[in-house]
Amino acid sequence: MSNVNSHRPGWAHPVRWPHISLSRPFAFLGALAQRRRHRRDMHHLHILPDYLLKDVGLTRDDICRELAK
């Protein structure tokens, strides 16, 4: 007895779905969260007075260059 599905066009081969990786969306979300933390930290440094920035070895120009990236 033959397989009934083998006589129908389109049923001879099973449907193969493309490989879907869940790591890509999570990697994107991780990178987005990291960027958000970086921007938050740069903002906190930007509002510090110059004498405190000098204590940690930064200048106002360093922070502005980082914010422009």
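The values are calculated or read from the model by the stated rules, or taken from the named source; none is laboratory data. In this text the structure is predicted, and so the values were computed from the model without any measurement. Just the protein is used for accessible areas: all its heavy atoms, side chains included, with ligands, DNA and RNA removed. Shrake-Rupley method; radii C 1.70, N 1.55, O 1.52, S 1.80 Å.
Provide the solvent-accessible area of LEU67, counting protein heavy atoms only and rolling a 1.4 Å probe, rounded to the nearest 10 Å².
About 50 Å², ignoring ligands and nucleic acids.
Top to bottom by accessible area (1.4 Å), largest first, where do ASP41, ASP62 land?
Sorted by accessible area, descending: ASP41, ASP62.
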